[in-house]
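Nothing in this text is a laboratory measurement; each read-out follows from the coordinates by a stated rule. Since we're looking at a predicted model, the values are computed, not measured. Glycine gets a Cβ as well: all are built from the backbone with ideal geometry, and neighbour counts include every protein chain shown.
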Amino acid sequence: MSGKTGDKVSFIPVEVVDPKEFKDSNSYKIIDNIKELSWNLPLHLSKTNKKHRLLSGIKSMNSKLETQTVYFIDLNSKISGFIQILYSNVMNGFYKGFQLNFKFFSCDKDVNQEFEIWESFKIDNVEFIKKHDDLYMGAVGNGISFKFHHGNDDHYMGTLRIKTNLRDRNIRFDLHVDLGDGFIINPNGSSIYLTKPVSIDNIDTIDKSVVKGYMRHLFVPKGKINGTIEYEKDKIKKTIELNEIPIAYLDAVQGLLPSKAAKRWNFMFFKSANYTILVIEYQTTPEYDNQKITMWSILHKDEIISIGSQVDNDEVVKFKQTQLDSTNGWRYPTAMSFNFRKSDTETYKLKLSKMNLVNRYDILGELPSIIRKLASGIANIKPFLYQYCQAARFMEEDGICIAESTFIS
């Protein structure tokens with residue numbers, strides 16, 4: 001971690017992975033066992049709730065969220081989207097609950113008009129599936145099931161079965177997601193948030209296993225989805241058939257209120273016939289040193305050709321042009337560039353121009369109501385997410401890109 005001897009910090013980022021030397025790096029871990037996709041939050045809570053005291057200078061941060069999200073891009077139909085299940089534990093379990101979020105859209109305006117939908121609602125009576133080895137390998141409840149299974153295909157570490165049958169909403173999913181190898185940036189995919197600054201010289205003495213303020217990401221940049229999605233739009237039944245469609249899977253944990261975890265977010269998922277790019281970037285609030293964390297992977301077919309993790313690197317994700325949103329004051333991007341260092345003289349580049357905005361919404365709307373109330377009471381919070389889907393080109397191949405930029409404070 002950079003800094004001078006004696007400096008104090010409130011935020012400990014994930015380790016840096018130099019993309020020029022990623023194959024020799026010990027700062028990330030390949031995930032090749034489906035057990036490692038167990039829900040992280042209930043396991044973390046079961047451990048930390050047994051602790052009667054935390055280390056001096058570290059205070060309990062009571063609001064936590066975990067999301068498991070499958071993104072897909074169909075290069076033929078041009079339908080893209082995501083399906084997400086969100087678990088929240090607020091005020092040491094005063095509120096616990098699940099929520100289903102899904103959105104489908106397209107870079108083609110005609111296709112988007114026909115299939116575009118955004119739904120977000122609470123799911124009642126959902127419980128984790130706990131295995132004998134204390135792993136939480138799924139969640140089931142009224143009309144919904146997310147379950148991880150060991151696979152029989154050597155190309156995939158396992159599968160995720162998603163089934164919903166919500167008759168009152170006329171929503172039905174029957175999906176089979178094959179998951180390839182993933183990765184986390186060390187330590188354990190997590191950046192650490194402290195409520196009391198500590199000397200940079202003493203960071204290694206902190207027992208990170210009992211720190212409750214943290215941000216964790218687990219990436220699975222390769223996989224495929226098969227199955228059927230049915231829903232209603234404008235009282236008309238819509239059916240999406242997915243057949244061997246490429247996906248990216250992301251498990252994300254915020255061990256504190258979203259408004260405290262970060263003030264900015266950028267996300268990008270690109271897919272062409274042979275290339276896959278997955279990027280997440282966030283910047284912490286002033287309370288946590290305004291640090292910018294950027295993590296990514298690039299695949300050629302099934303081979304990882306780049307993994308990177310950077311701290312305060314403004315060159316990876318850049319807004320090339322912006323437009324003022326007069327209703328909230330944010331300048332959202334209309335052109336972006338992504339630059340991934342390959343060597344001292346070469347850089348992988350992807351450019352997005354005249355960005356196709358498919359949705360703009362208040363991000364608090366996708367959170368449980370109790371968390372909305374907690375976050376809305378904080379000054380200068382104006383959370384808006386701008387979501388894009390468009391044709392893009394990378395390494396001389398045409399593809400489709402999903403991009404998101406979120407502004408919080």
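May I ask which residue of V90, C107, I247 lies farthest towards the positive end of the charge dipole of the chain, with charges of +1 (Lys, Arg) and -1 (Asp, Glu) on Cβ and the Cα centre as origin?
Ranked along the dipole, the leading option is V90.
Given K103/K237; K318/K354; K103/K233; K20/K271; K20/K351; K23/K292, which pairs have Cα atoms separated by over 18 Å? Walk me through the intermediate numbers first.
Details: K103/K237 16 Å; K318/K354 14 Å; K103/K233 12 Å; K20/K271 22 Å; K20/K351 21 Å; K23/K292 23 Å.
Violating the 18 Å limit, Cα to Cα: K20/K271; K20/K351; K23/K292.
Normalised by the residues of segment 8-407, what does the relative contact order come to in percent, with Cα pairs under 8 Å and at least six apart?
On the way: 984 pairs, mean separation 68.1, N = 400.
Across segment 8-407, relative contact order equals 17 percent.
For I381 and D154, what does the FRET efficiency come to when R0 = 56 Å and r is the distance between their Cβ atoms, rounded to the nearest 0.05?
Values: r = 47 Å, r/R0 = 0.85.
After rounding to 0.05, the efficiency reads 0.75.
Any idea how far apart M395 and S353 come out in nm if each label point goes 7 Å out from Cα toward Cβ?
2.3 nm
Using alpha-carbon positions, what is the distance between the centroids of segment 257-289 and segment 218-244, in Å?
Computed from Cα coordinates, the inter-centre distance equals 24 Å.
Could you give the longest part of the chain that holds none of the GluC sites (Glu not before Pro) found in DSSP loops with at most 16 neighbouring Cβ atoms within 10 Å? Before the final figure, lay out each step's value.
Details: sites that count: E15, E315, E346, E396.
It works out to 16-314.
Kirkwood Rh over alpha-carbon pairs of segment 8-407, then Stokes-Einstein at 10 °C and 1.306 mPa s: what D in µm² s⁻¹, rounded to an integer? Let's see the in-between values first.
Values: Rh = 21.7 Å.
For the chosen part, D equals 73 µm²/s.
222 nm [θ] for the chain, helices only, -39500 (n - 2.57) per DSSP H run of 4+, per residue, to 500?
Working: 4 runs with 28 residues, N = 409.
Only helices count here, giving -1500 deg cm²/dmol.
Amide H of I117 versus every other amide H placed in the peptide plane: which residues, excluding those fewer than 5 positions away on the same chain, fall under 5 Å?
Residues meeting the criterion, in which the H sits 1.01 Å from N, are F104.
Assuming 0.36 nm per residue, please report the length gained on full extension of the stretch D344 to D201 beyond their Cα-Cα distance.
On the way: separation 143, 0.36 × 143 = 51.48 nm, distance 3.13 nm.
Result: 48.3 nm gained on full extension.
Work out from phi, with θ = phi - 60° and the Karplus expression 6.51 cos²θ - 1.76 cosθ + 1.60, the ³J(HN,Hα) of each residue of segment 24-38, listed in order in whole Hz, and give x for Gly and Pro.
Here the 3J(HN,Hα) series is 9, 7, 9, 9, 9, 10, 7, 9, 10, 10, 4, 4, 6, 9, 3 Hz.
Of K196, K263, K222, how do they rank once you tally other Cβ atoms within 10 Å and put the fewest first?
On the way: K196 11, K263 21, K222 24.
By the 10 Å Cβ count, ascending: K196, K263, K222.
Show the residues, 5+ positions off or on another chain, whose built amide H is closer than 5 Å to the amide H of G151.
G158, T159
Over the chain, with a Gaussian network built from C-alpha contacts below 10 Å, which listed residue (Q387, Q254, Q323) shows the highest mean-square fluctuation?
Sorting by GNM fluctuation, first place goes to Q323.
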